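Encoded as structure tokens, the structure appears first; notes follow it.
Please treat every number below as a calculation from the coordinates, not as lab data. Remember, it's a predicted structure, so these values are computed and weren't measured experimentally. As a convention, Cβ positions derive from the backbone with ideal geometry for all residues, glycine included, and neighbour counts pool all protein chains shown.
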Amino acid sequence: MSAQSLGYLKIIGLLVVAGLVLSFSWLSLQVEFPHYEDDSVTPGTRLVPTEPYNGIAPAVSRFMWEIRGQDIALQSFVIFASVICCLAMLKEEVPE
Amino acid sequence: MVSQLSVVLVFIFIQFVIGLGCLMVKRDMVRLLIGVEILFNAANLCFIALSSHISGFIDPFPQSIVMMAIVLDGSVIAVGLVIVINAYKHYGTLDIRKLRRLKW
Amino acid sequence: MVVQLIPLQGLALPLPVLVLLVGGILAPFIGLFAKRSGIMLREIWTIFVTAVSLFTVYQLYLQVEAAVGHVLVISSWGQSPPLSGCFEVDMLGVFMAGSIAFLGVLVAIYSTSYMERETRLTEFYTLFLFLLAGLVGITMAGDFFTLFIFWELMSISSYVLVAFMKQNWGPLEAGFKYFIMSATGSAFLLFSMAFLYGMVGSLNFASFAVAFSNMDITPWTITLFAFLLIGFGVKAAIFPLHTWLPDAHPEAPSPVSALLSGVVIETGLYGLTRVLFLVFDPSFFKMPIAVLALFTMTVANLSALKQKDLKRLLAFSSIAQIGYMLVGLAAGTAYGVMGLLLHVFNHSLMKGVAFLSAGSLIHHAETRDIDELKGIGRTMPLTSLTLVVAVLGLGGIPPLNGFISKFILFNSAIGSGLVWLTVAGVLNSTLSMGYYLIVVRNLLATPEEDHGVHEAPLPMLVVTLFMAVLIIVFGIWPQPAIQVANKAAIGLVENVAEYVSAIFIP
């Protein structure tokens, strides 16, 4: 694999990729991610303990349905819209 | 000693760069869709990585966000595949370098 | 906290969103019925639903006007806002929703006659209603993930509406390129949501304002800013990420082009404005946004000079107008944001009428080339007159409304210390008149042969004439629009405390 067979665009692409990997690695390893501290903004605690391992999934799904229920109802419209999109693009062109 | 979150973030960024590289380099239309899917998965992993900050406890908020985001981006990829099917019917090839008829 | 309940069991959504979503769900069934009976039921249903949504937006405006602190929080039964999704409607949301619903009604009336001989009309009108529902939902969302759900609803409807005429190769190629770039932007948006969640603890816009109120600039906030800019900037067609627009807008059917240029890209700009003002200090993003505004305006205007295709020229002009709006965002004051919002409304009118009347001309002449459309002013005088009015308004000629919003934008940039940006903006505005006048000259030239007067069909003609009259009226008497835009801008930039206190009861 010589330099001529790579071509200019691929070399620039490789340099960009290497630069991105190096800068992101510096960013995540050297600079501490400013994670929020518990209970500073959201009142009350909602964390799920990891101890009873079978109890994690029911607790998370209860949280999802109770607190994020509106978003789940709204995403059903997105699914419906994507079904209509697929119908629109796959139907034959029959003049009406 | 770096924290566990930083190491996971490095791998998430590596996956992000793989997704971007796939979008830039590949020339098959379906592989571009897979590149977009890799980017979406990296974002979902980033949510989950940030959910286990306190040891011994799990934060259920980002996990519910991820479950909804997976559904949303699945439907986006479905619509993309339908566009690819129609483009294949026209051009006869899945090579994106042939789709250069719309000139400058 | 004010909650608006509708007598459905505990489901509370802002009424325009609910009307458009229910209209979109019922439209396929009405389409099945219409196909069997042969009456134009689908078009009547679309016009009815969009008119009802415009009426409910006006009612919501009156309610927000009367509410405490001019903010309404609407969330369903059992949801508690800082952790759950909610709709937080303030004057900015009502202003954008009004602009969207208004253009939606007019384009719906126009498309009854434009799309008459096309196939798959049920799916077209269903996706049209879902596009409008997604747009209105974005402007009213109070939580970042609710915004993301409506963002995806708008996006997937617009991918297929751009690629709708799938019997030609052009829309498919443009639709695929638009799809890849826009889906990548959505992934970047999801990334920025993850970072914001990690820094704040919830995805509510009000909690962003509380947590970032004393922020220092770390490498992570700069990364967050970059990801937000890319995520919203792909949809808003900001400089390096605008390359999908000149392909997608010409290839879409004309009513869809008018909606895309008129409201969809401005909604991307709305998202950017909302999040930047809540999260960052205006002095932080002044310089990057100013540089991006300069490049967006200049590149778009220079590229538009070389275009031979009428709709592609108008698409590049849309990118340039987004550049002018970014000047108002870079100013960082309430006056600048007022100029941005006023230009959003004016641009939706002007670009809407430009694309709609260009669509009428192309529908008659079957060509998009400017040289071949020479002299069509004699064949279709009223439609060409509306296109001339729209194009002069886009260039910023005084008695029309484009002049007023551009004046406010450039004035606000001077007041914020960015004099070089104002000079560049004025030069770009003058440069843009160069290619607009080419279009005007070709329309008003004498044709080779005389075909007689063969005007556009009645719905298309009435809509374009009405919008052209509105352009002139808002140019001479802009006070109502300026007042509402002013209230919206003050609500965003200065009254953050009231926005926050609607969610967090102190």
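Computed over chain B, relative contact order equals 27 percent, with contacts defined as Cα pairs under 8 Å that lie 6+ residues apart.
Assign one of three labels to region C:244-312, namely rounded, prolate or oblate, based on the Cα gyration tensor with a ≥ b ≥ c the square roots of its eigenvalues; rounded applies when a/c is under 1.5, prolate when it is not and a/b is larger than b/c, and oblate otherwise. Note, shape of region C:244-312 comes out oblate. Excluding same-chain neighbours fewer than eight residues apart, the lysines reachable from residue C:286 by a Cα-Cα span under 24 Å are C:235, C:406, C:487. Semi-axes of the equivalent ellipsoid for the protein assembly as shown, computed as √(5λ) from the eigenvalues of its C-alpha gyration tensor and ordered from largest down, come to 39, 28, 27 Å. Bridging of residue A:10 to lysines at a Cα separation below 20 Å is possible for B:26, B:98, once same-chain residues fewer than 8 apart are set aside.
Other residues whose C-beta falls under 14 angstrom from the C-beta of residue C:95 contribute a net charge of -1, scoring Lys and Arg +1 and Asp and Glu -1. Directionally averaged projected area (region C:16-118, Cα convex hull): 8.2 nm². Return, ordered by residue number, the residues of region C:200-218 whose backbone nitrogen is under 19 Å from a label point located 7 Å along Cα→Cβ of residue A:47. What the label zone holds, given the 19 Å backbone N cut-off, is C:200-203.
Modelled label positions at residue C:55 and residue C:222, each set 7 Å beyond Cα in the direction of Cβ, lie 5.5 nm from each other.
Here region C:281-498 is treated with +1 on each Lys and Arg Cβ and -1 on each Asp and Glu Cβ, and its dipole about the Cα centre works out to around 320 debye. Rounded to the nearest 500, the 222 nm mean residue ellipticity of the protein assembly as shown from helices alone is -24500 deg cm²/dmol, with -39,500 (n - 2.57) taken per DSSP H run of at least 4 residues.
Its relative contact order, with pairs defined as Cα atoms under 8 Å and 6+ residues apart, puts chain C at 16 percent.
Shape index of region A:46-96: Rg/Rh, with Rg the Cα radius of gyration and Rh the Kirkwood radius from the inverse mean 1/r over Cα pairs, equals 1.36. Convex hull volume of the C-alpha atoms in region C:322-388, normalised per residue: 84 Å³. Potential lengthening of the chain between residue C:66 and residue C:367 amounts to 103.3 nm, from the contour at 0.36 nm per residue minus the alpha-carbon distance.
What's the exposure ranking of C:283, C:111, C:254, going from fewest to most Cβ atoms within 10 Å?
Going from least to most buried by this count: C:283, C:254, C:111.
Can you grab the distance from the C-alpha centre of region B:50-79 to the C-alpha centre of region C:115-150, Å, no decimals? What the calculation gives is 24 Å, centre to centre.
Counted by Cβ distance under 13 Å from residue C:232, the other residues give a net charge of +1, where Lys and Arg count +1 and Asp and Glu count -1. Rounded to the nearest 20 debye, the dipole magnitude of chain C is 240 debye, with +1 charges on Lys and Arg beta carbons, -1 on Asp and Glu beta carbons, and the Cα centre as origin.
What's the center-to-center distance, using Cα atoms, between region C:194-244 and region C:317-339 in Å? Using only Cα atoms to place each centre, the spacing works out to 19 Å. Please give the FRET efficiency for residue A:20 paired with residue B:7, using the beta carbon to beta carbon distance and R0 = 22 Å, rounded to the nearest 0.05. Computed FRET efficiency for residue A:20 and residue B:7 comes out at 0.75. Relative to the compact-globule estimate of 2.2 N^0.38 Å, the Cα radius of gyration of chain C comes out at 0.93. Net charge near residue C:177, counting Lys/Arg +1 and Asp/Glu -1 over other residues with Cβ under 12 Å of its Cβ? Charge balance in the 12 Å sphere: -1. Label separation (residue C:498 vs residue C:36): 5.2 nm, computed from points 7 Å beyond Cα along the C-beta direction. Per-residue 3J(HN,Hα) values for region C:143-154, derived from phi via the Karplus relation 6.51 cos²θ - 1.76 cosθ + 1.60 with θ = phi - 60°, read 10, 5, 6, 4, 4, 5, 5, 5, 4, 5, 4, 5 Hz in sequence order (x marks Gly and Pro). Placing dummy labels 7 Å off each Cα toward the beta-carbon, the span from residue C:243 to residue C:281 is 3.7 nm. So, R0 is 56 Å and r is the distance between the beta-carbons of residue B:71 and residue C:472; what FRET efficiency does that work out to, to 0.05? The formula returns an efficiency of 0.75 here.
With the cut-off at 1.5 for a/c, could you classify region C:380-443 from its C-alpha gyration tensor as rounded, prolate or oblate? Since a/c reaches 1.5 but b/c is at least a/b, the shape of region C:380-443 is classed as oblate. Dimensions of region C:281-498 based on its C-alpha atoms, expressed as ranges along the principal axes with the largest first, amount to 62, 34, 23 Å.
When C:363, C:347 are ordered from fewest to most other Cβ atoms inside 10 Å of their Cβ, what list results? Write out the running numbers ahead of the final one.
Values: C:363 17, C:347 28.
In increasing order of surrounding Cβ atoms, one gets C:363, C:347.
Under the convention that each Lys and Arg Cβ holds +1 and each Asp and Glu Cβ holds -1, the size of the dipole of the protein assembly as shown around its Cα centre is about 1440 debye.
For region C:448-470 and region C:47-62, what is the centre-to-centre distance using only Cα atoms, to the nearest Å? That distance is 28 Å.
Expressed as a fraction of 2.2 N^0.38 Å, the value expected for a compact globular protein of N residues, the C-alpha radius of gyration of region B:4-98 is 1.34.
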